[in-house]
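The values are calculated or read from the model by the stated rules, or taken from the named source; none is laboratory data. Please read all numbers here as calculations on a predicted model, not as lab measurements. Ideal geometry is used to build each Cβ from the backbone, glycine not excepted, and the neighbour counts take in all protein chains shown. The protein model used for the area step is the full one, side chains on, heavy atoms only, and it has no ligands, DNA or RNA in it. Shrake-Rupley method; radii C 1.70, N 1.55, O 1.52, S 1.80 Å.
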There are 4 protein chains.
Amino acid sequence: MTLRIAVAGASGYAGGEVLRLLLGHPEVEIGALTAGGNAGTSLLAHQPHLLPLADRVLTETTAEELAGHDVVFLALPHGHSAEIAARLGEDTLVIDCGADHRLTDAKAWERWYGGTHAGSWPYGLPELPGGRDALRGARRVAVPGCYPTVSSLALAPAMGLVEPEVTVVAVSGTSGAGKSLKPHLLGSEVMGSLSAYGVGGAHRHTPEITQNLTAVAGRGVKVSFTPVLAPLPRGILATCSAPLASGTTSDEQVRAAYERAYADEPFVHLLPVGHWPTTGAVLGSNAVQLQVTVDRDLDRLVAVAAIDNLAKGTAGAAVQCMNLALGLPETTGLSSVGVAP
Amino acid sequence: MTLRIAVAGASGYAGGEVLRLLLGHPEVEIGALTAGGNAGTSLLAHQPHLLPLADRVLTETTAEELAGHDVVFLALPHGHSAEIAARLGEDTLVIDCGADHRLTDAKAWERWYGGTHAGSWPYGLPELPGGRDALRGARRVAVPGCYPTVSSLALAPAMGLVEPEVTVVAVSGTSGAGKSLKPHLLGSEVMGSLSAYGVGGAHRHTPEITQNLTAVAGRGVKVSFTPVLAPLPRGILATCSAPLASGTTSDEQVRAAYERAYADEPFVHLLPVGHWPTTGAVLGSNAVQLQVTVDRDLDRLVAVAAIDNLAKGTAGAAVQCMNLALGLPETTGLSSVGVAP
Amino acid sequence: MTLRIAVAGASGYAGGEVLRLLLGHPEVEIGALTAGGNAGTSLLAHQPHLLPLADRVLTETTAEELAGHDVVFLALPHGHSAEIAARLGEDTLVIDCGADHRLTDAKAWERWYGGTHAGSWPYGLPELPGGRDALRGARRVAVPGCYPTVSSLALAPAMGLVEPEVTVVAVSGTSGAGKSLKPHLLGSEVMGSLSAYGVGGAHRHTPEITQNLTAVAGRGVKVSFTPVLAPLPRGILATCSAPLASGTTSDEQVRAAYERAYADEPFVHLLPVGHWPTTGAVLGSNAVQLQVTVDRDLDRLVAVAAIDNLAKGTAGAAVQCMNLALGLPETTGLSSVGVAP
Amino acid sequence: MTLRIAVAGASGYAGGEVLRLLLGHPEVEIGALTAGGNAGTSLLAHQPHLLPLADRVLTETTAEELAGHDVVFLALPHGHSAEIAARLGEDTLVIDCGADHRLTDAKAWERWYGGTHAGSWPYGLPELPGGRDALRGARRVAVPGCYPTVSSLALAPAMGLVEPEVTVVAVSGTSGAGKSLKPHLLGSEVMGSLSAYGVGGAHRHTPEITQNLTAVAGRGVKVSFTPVLAPLPRGILATCSAPLASGTTSDEQVRAAYERAYADEPFVHLLPVGHWPTTGAVLGSNAVQLQVTVDRDLDRLVAVAAIDNLAKGTAGAAVQCMNLALGLPETTGLSSVGVAP
């Protein structure tokens, strides 16, 4: 089987990472590469690392350009996916790396993103309880946000063990902000500096984390989420904590819950005791590195997880979902081996 | 008045930063510069930025070498300060950048550092309530740890407004770890990577933060503290949060408490609403940049503060305390202007 | 004497650095702060490290705004200085951080910058032979480019000892490119990457280096210049080499020439033998760190120099020239002590 | 065919990168992993990115441990390879990532490395003229140094067009220095700083570059080589220049020579005119990105090339040579697609 693939938003970071991964995927052939303002320019000008596609020129993102492919990856600003997807055949697998179809609650959508909710699609985080089932055979997939991916996987196994009040501080590299030409994203500004943003629950990934953990817990979970921008291109390290549900949960219970949750997962790696995740170790890979402990002075669970925001946090998840949806082995074209140091 | 100064541990980062600041201080003259294993080598080999001291050679750290100075800064591994200080005259101002005399509770000392507690000295964080009084005229000063400085100042004004259960995730540059030759501190390892350490309440600065906030609150405060290592040489950004004491505290009350606390402080800057701290903006300066907000979905206060860990976090605080102890204007030789970008 | 100062282009990196230095200068008072597109916004939004100026709002860059000051620093895109300077009084000291008045050859100006040459002003590199004289009492000063500063100082003492064919490869931090919102200057692009630009003699600083070295040598000097962009905010390290004029020049002759050239210079530091410059050691300072050696296999002189491109490379030089022009001690408000690590 | 592989020096950067690449190679099985001082410790402690080998423990580097494998990669300090190789069978493919067998001239070896020359092995740079032939069927391979790889490939096609006097300034990430615990390699020292080293022809890669270019040119080539350390983990950007042999060589001749040299090379990519190499674009890949131009003011050729020093500069070349030696398709397990941004 050779799948014909199109990528909309191919000049951006998410689109570029989808292409990087697909160039190592044995079952695909890369078709249309489209862009917005960059249509008409050479892909190489935007993605100098994608040498096998050096002769490609970007075309405009339209339903016509994207039609006729088996799989279409959308890496577009939010608000653009629904319309395009509606014009692609129902048999076409459409994988949306954007936010449009992640939230199930229309009111939440309207509050956080504005405009009309385009409806939710199967959510591309197979490692959540029941997550894989929804993706098998799907033809529409909403790829999770990067922060929700790492935070949800770090805390999901704890949901039966902690009070439903979690704190997440997630430090991220700059590529999560995309190629936006904003002063605070200039190299001169980010190197040598750390800054928090979206403080006080203002980041749009907050409702998505809440949605995931609430679903796992079966009851409302309060999520205090703060993202921090740090001087590295890729990687998110999430530090997540919550009070233990009672003083009686043993450390062994906690670890056992995590081991049970991820024993068979190809990409989520609970590290051996004493090892802690680093984002450097997952660079370019689809791996989640995870560790958990208990602060016994406070009876508080603390979990730390690392991902590459562009890989497992976006494009790797997208490819993983493609594999699942089309019945390919889930790990095809993906790896848990990072590029380090 | 010209004060004659000695610095013990002059080849390390803390000692180097004390010297950097003293080179801009109008009232001092730099005397003995001592070291441990680096004694006998040129200062320039370790501190290539201190050109005015390029002809200095490090001597051995002994009480004899340090004697005969008005002020002695100790930047030594913990456990070494008490003995040396005991052999310096009572009139000598001894400023310990290490941990030996920060904790007031001997049991806590023994638990966290091991060995016998050497007793506590006046604590060098003048911006805490009552903090300045203890330092005026002091001849022994314990400089706070870098994480306790930024965390305590970020949360102290909130102590009357929140439940006594705070969460601090503080992201730090690598110089906080000193010049230790450990593989995980190599440039190849830290650049492009993020990692948490001392997770689960295991970092030695935890009891110091707890001590400070408990003193301010007048009741026991539980502190969940996680440090994160990030790829920059200097800077700490602390994200601190706690549940509001009741749902009725208004945003205005919160801001007013912070404004009141720091209105007259020369180095603690509550930023205008809408501005958030960055560590880049405080590089090399003694400033604390601070902002606070309320997450109304959770009724949770979130404060973010940035310092330069070597400056306000160590050597700047040391010089500030020297000024206070000796009756100089508190800001002499110090600045709130960072080196950015 | 208190000088009243205006800064045009105060929202950019050069303007910000001029202000940072002036905040530590004892003889000045900061007046008008102007900008182009950023007029009307708060200075703090652009320069979060300049806390003492937190209440300032940028006004528009016009001759009227800039009038009535003793000193006007221009940090503008090239082509804008002449017109404004013409409308400021002849007694006003105008210091142009831009390129407009650096080249003495109108033809060279037209080739490299286009448009009409606005004439040359006294050149702000006092450490070149005769350089200081031209600046004493001057009321117009052209601050050198950052690459010409470091390259010219690295090679000037060698001009009598080498063939007039020099090669300069200078690696620079990103702030040299200013705050331009270009994709290749985004943090995600520059961190973890190195790139050359202006290769093949295409960079506009080439004729300026050539002009300086030709003046020192008293004959035409050919300059092969390549700049390289590296992942750090500040700093330039220039590696400069040239064939020795004959095989008979001894290492001692070479070193003696450099020692002689800079023995009395407050900011140019020929390091002790065995020490090599690093940009980290000059961060935020006005120092030039310099070392020279001979490759005896090739009979080739190799000099390496480091500066902070925003300080000695731009704003520090500007302040140094102000001091010289107005008869203040040349080092007022400036330092050779870098902020390291 | 499944090849059984051993790696000596598996806890270091070169050994880790060999393993990273082999984990993606379809024809190999990973056998013994040995180390020196780290023998007895878990591989994961040193290579946290190699999760599929998380259960491996390092054994001691001895000929016995390495025996019985089809291929043995040696990533050892120089001086250790000859003895071990002598004790491995002649049919075993031994690939030395170290320097021991690169230089053909025993006198040069003794001058630059000291001790007795262990003899030269087939040199693992297939892209040099005739380079591939020597590697087919070889059972001993000397992997080139990282700087010689990038410099030789950047200049080899020019050898008939330029005077035999070349200047190379190569900027490198820190992993080229290995995991040595030296103060100047600490993250705090390298981030935000640039420094030259081995200045004046003192770097050991100088004779290797000279050897390569002399072989290509068929006459002695003088090489002025200066390496510069920059704040990134991986990547080398080499700026190479030489005077054109006569003023008459056209730009077209120059480009044609480069096109001809690398038209059929899978890993050396002469970029389209107007594109310049960046190390970010080759991260983790075996690609060489290359561009060349002529400075017409000087009649000087300038070539710029980028590699990942650990990949094409070391481990990627090693795997490429393994493929060639054993008759596998040369690109097996290797890619020209970098991990960017």
TODO: State to the nearest 20 debye the size of the charge dipole of the protein assembly as shown about its Cα centre, where the only charges are +1 on K and R beta carbons and -1 on D and E beta carbons.
DONE: 0 debye
- [ ] Just need log10 I(q)/I(0) for segment C:114-208 at q = 0.12, 0.20, 0.24, 0.26 Å⁻¹, Debye formula, equal scatterers on the alpha-carbon atoms, no solvent, rounded to two decimals.
- [x] -0.55, -1.17, -1.32, -1.40
Task: Note, ³J(HN,Hα) from phi for segment A:82-90, Karplus 6.51, -1.76, 1.60, rounded to Hz, x at Gly and Pro - done: 4, 5, 5, 4, 4, 9, 9, x, 5
Task: About the Cα centre, charge dipole magnitude for segment D:147-307 (Lys/Arg +1, Asp/Glu -1 at Cβ), debye - done: 520 debye
TODO: Per residue of C:164-171, count partner chain C-beta atoms within 10 Å of its C-beta, then hand back the mean as an integer.
DONE: 6
Task: Helix-only mean residue ellipticity at 222 nm for the protein assembly as shown, each DSSP H run of n ≥ 4 adding -39500 (n - 2.57), per residue, nearest 500 - done: -6500 deg cm²/dmol
Task: Summed side-chain charge close to B:P144 - residues other than B:P144 whose Cβ falls under 12 Å, Lys, Arg +1, Asp, Glu -1 - done: -1
Task: Interface area, A with C, accessible, probe 1.4 Å, both sides summed, Å² nearest 100 - done: 1500 Å²
TODO: List the equivalent ellipsoid semi-axes of segment C:22-84 in whole Å, largest first, each obtained as the square root of 5λ for an eigenvalue λ of the Cα gyration tensor.
DONE: 19, 16, 10
- [ ] Give A:K107/A:K312; C:K107/C:K179; A:K182/C:K312; A:K107/C:K179 a once-over and call out the pairs whose C-alpha atoms are over 32 Å from each other.
- [x] A:K107/C:K179
Open item on the list: Measuring nothing but label to label, 7 Å from Cα along Cα→Cβ, what are A:D91's distances to the other copies in nm, shortest first?
Closed with: 5.4, 8.7, 9.7
Task: segment A:221-282 shape via C-alpha gyration tensor axes, a/c threshold 1.5 - done: oblate
Task: Cα-based helix-to-principal-axis angle, A:206-217 vs chain A, degrees rounded to 10 - done: 60 degrees
Open item on the list: Treating only the Cβ of Lys, Arg, Asp and Glu as charged (+1, +1, -1, -1), what charge dipole size does segment B:124-239 show about its Cα centre? Round to the nearest 20 debye.
Closed with: 440 debye
Task: segment B:175-220: Rg to Rh, with Rh as the Kirkwood radius over Cα pairs - done: 1.16
- [ ] Could you provide, to the nearest whole Å², the per residue accessible area of chain D with probe 1.4 Å?
- [x] 32 Å²
Open item on the list: Rounded to the nearest 10 Å², what accessible area does D:Y147 have for a 1.4 Å probe in the complete protein model?
Closed with: 0 Å²
Open item on the list: Under the √(5λ) rule applied to the eigenvalues of the Cα gyration tensor, what semi-axes describe the equivalent ellipsoid of segment A:147-307? Give them in Å, descending.
Closed with: 28, 18, 14
Task: Calculated SAXS-style log₁₀ I(q)/I(0) at q = 0.04, 0.06, 0.07 Å⁻¹ - the protein assembly as shown, Debye, Cα scatterers - done: -0.23, -0.53, -0.74
TODO: Tell me which residues come under 5 Å, amide H to amide H, from D:L186 once H is placed; ignore anything under 5 positions away on its chain.
DONE: B:G187
TODO: Give me the accessible area of B:T239, 1.4 Å probe, in Å² rounded to the nearest 10.
DONE: 10 Å²
- [ ] Take peptide D:296-305, look around each residue's Cβ out to 10 angstrom, count Cβ atoms belonging to other protein chains, and average those counts.
- [x] 5
Open item on the list: Out of the total accessible area of the protein assembly as shown (probe 1.4 Å, heavy atoms of protein only), what percent is carbon and sulfur?
Closed with: 50 percent
TODO: Place the label 7 angstrom along Cα→C-beta at D:V57 and in each other copy, then list the distances from the first to the rest in nm, shortest first.
DONE: 5.0, 6.2, 7.2
TODO: Just the number, please: percent antiparallel of the DSSP beta bridges in segment B:147-307, rounded to the nearest 5.
DONE: 70 percent
Open item on the list: Taking each pair of distinct Cα atoms in segment D:239-341 once, what is the resulting Kirkwood hydrodynamic radius in Å?
Closed with: 14.8 Å
Task: Rounded to 10°, Cα long-axis angle of helix B:146-155 versus longest principal axis of chain B - done: 30 degrees
- [ ] Report the residue, chosen from A:A39, A:A305, A:A75, that carries the largest GNM mean-square fluctuation when chain A is represented by alpha-carbon nodes joined by springs under 10 Å.
- [x] A:A39
Task: Under the Karplus curve 6.51 cos²θ - 1.76 cosθ + 1.60, θ = phi - 60°, whole-Hz ³J(HN,Hα) for segment B:20-34, x wherever Gly or Pro sits - done: 4, 5, 5, 5, x, 9, x, 10, 10, 9, 8, x, 5, 10, 10
TODO: Could you pull out every one of the aspartates and glutamates with an alpha carbon less than 19 Å from that of D:K222, ignoring same-chain neighbours closer than 8 positions?
DONE: C:E163, C:E165, C:D295, C:D297, C:D299, D:D105, D:E163, D:E165, D:E208, D:D299
Open item on the list: With every protein chain left in place and a probe of 1.4 Å, what is the accessible surface of C:W276, to the nearest 10 Å²?
Closed with: 80 Å²
Task: By accessible area with a 1.4 Å probe, ligands and nucleic acids excluded, highest first: order of C:K182, B:K312, D:K179 - done: C:K182, D:K179, B:K312
Task: For A:V162, distant residues with modelled amide H under 5 Å away - done: A:A245
- [ ] Find how many whole Å separate the alpha carbon centroid of segment C:138-188 from the alpha carbon centroid of segment D:306-341.
- [x] 36 Å
- [ ] May I ask you to derive the relative contact order of segment C:205-341, considering only C-alpha pairs under 8 Å and at least 6 residues apart, and to give it as an integer percent?
- [x] 25 percent
Task: Dipole axis of chain B (+1 Lys, Arg; -1 Asp, Glu on Cβ), positive-most option in B:L181, B:P272, B:A67 - done: B:L181
- [ ] Would you mind estimating how fast chain A diffuses translationally, via Stokes-Einstein at 25 °C and 0.890 mPa s with the Kirkwood radius over Cα pairs, in µm²/s?
- [x] 121 µm²/s
Open item on the list: If I build a Gaussian network model for chain B, linking alpha-carbon pairs within less than 10 angstrom, which residue out of B:L44, B:L19, B:L128 has the largest mean-square fluctuation?
Closed with: B:L44
- [ ] Give, ordered by residue number, each residue of segment D:320-341 whose 1.4 Å probe accessible area is reduced by a minimum of 20 Å² on adding the remaining protein chains to the chain alone.
- [x] D:S336, D:V337, D:G338, D:V339, D:A340, D:P341
Open item on the list: Inside 10 Å of the C-beta atoms of D:235-243, what's the mean count of C-beta atoms belonging to other chains?
Closed with: 5
